[in-house]
Amino acid sequence: MSEQKKKWEDRLNPLYFPLFTAIPVEGWLTLKPSPFSDVDITLYIIGVLFLVFAGTVETNSEEGKHRALGYIYLVSALLFGSIGLFKWLT
């Protein structure tokens, strides 16, 4: 029973949560051809803030894997934020 629980916990590791939630939503909003509406802007801002939060939490870890994913989250937040701002202003 404990082996099954350990495998299940490895699949639901909170470290990977932004990879399956925030990054696909931000990518979809970035590639969406229509202009941003109010809801889209709010969702975009929440996604970028979630990536910043996840990145700062993970970069404070001592493990290399956590730190690397933290930097990936921070860089993706920076890229999505700048692309979203450019798209919103043009």
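Tabulated data for the structure shown
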| quantity | calculated |
| --- | --- |
| Sequence of Leu85, Leu19, Leu29 when ordered by accessible area, the most exposed leading, probe 1.4 angstrom | Leu85, Leu19, Leu29 |
| Cα-based convex hull volume of the stretch 43-89 per residue, rounded to whole Å³ | 44 Å³ |
| Per-pair calculated FRET efficiency, R0 = 30 Å: Leu31 and Val52 via Cβ, rounded to 0.05 | 0.90 |
| Gain on full stretching of the segment that runs from Thr90 to Glu63 - 0.36 nm per residue minus C-alpha separation | 5.6 nm |
| Net charge dipole size for the stretch 11-73 [Lys, Arg +1 and Asp, Glu -1 on Cβ; Debye, nearest 20] | 180 debye |
| Portion, in percent, of the accessible area of the stretch 43-89 that falls on carbon or sulfur, probe 1.4 Å | 76 percent |
| Residue-wise HN-Hα coupling along the stretch 68-80, computed from phi with Karplus coefficients 6.51, -1.76, 1.60 (Hz; x: Gly, Pro) | 5, 5, x, 5, 5, 5, 5, 5, 5, 5, 5, 5, 5 |
| Accessible area in square angstrom per residue, the chain, 1.4 angstrom probe | 73 Å² |
| Separation of the Ile41 and Leu15 label points, Cα + 7 Å toward Cβ, nm | 3.8 nm |
| Whole-Å semi-axes of the chain's equivalent ellipsoid (Cα gyration tensor) | 30, 15, 9 |
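The values are calculated or read from the model by the stated rules, or taken from the named source; none is laboratory data. A quick note: this is a predicted structure, and the numbers were derived from the prediction, not measured. For neighbour counting, all protein chains shown are included, and Cβ atoms are generated from backbone atoms with ideal geometry for every residue, glycine included. Just so you know, the surface numbers come from the protein's heavy atoms only, side chains and all, with ligands and any DNA or RNA stripped out. Shrake-Rupley method; radii C 1.70, N 1.55, O 1.52, S 1.80 Å.
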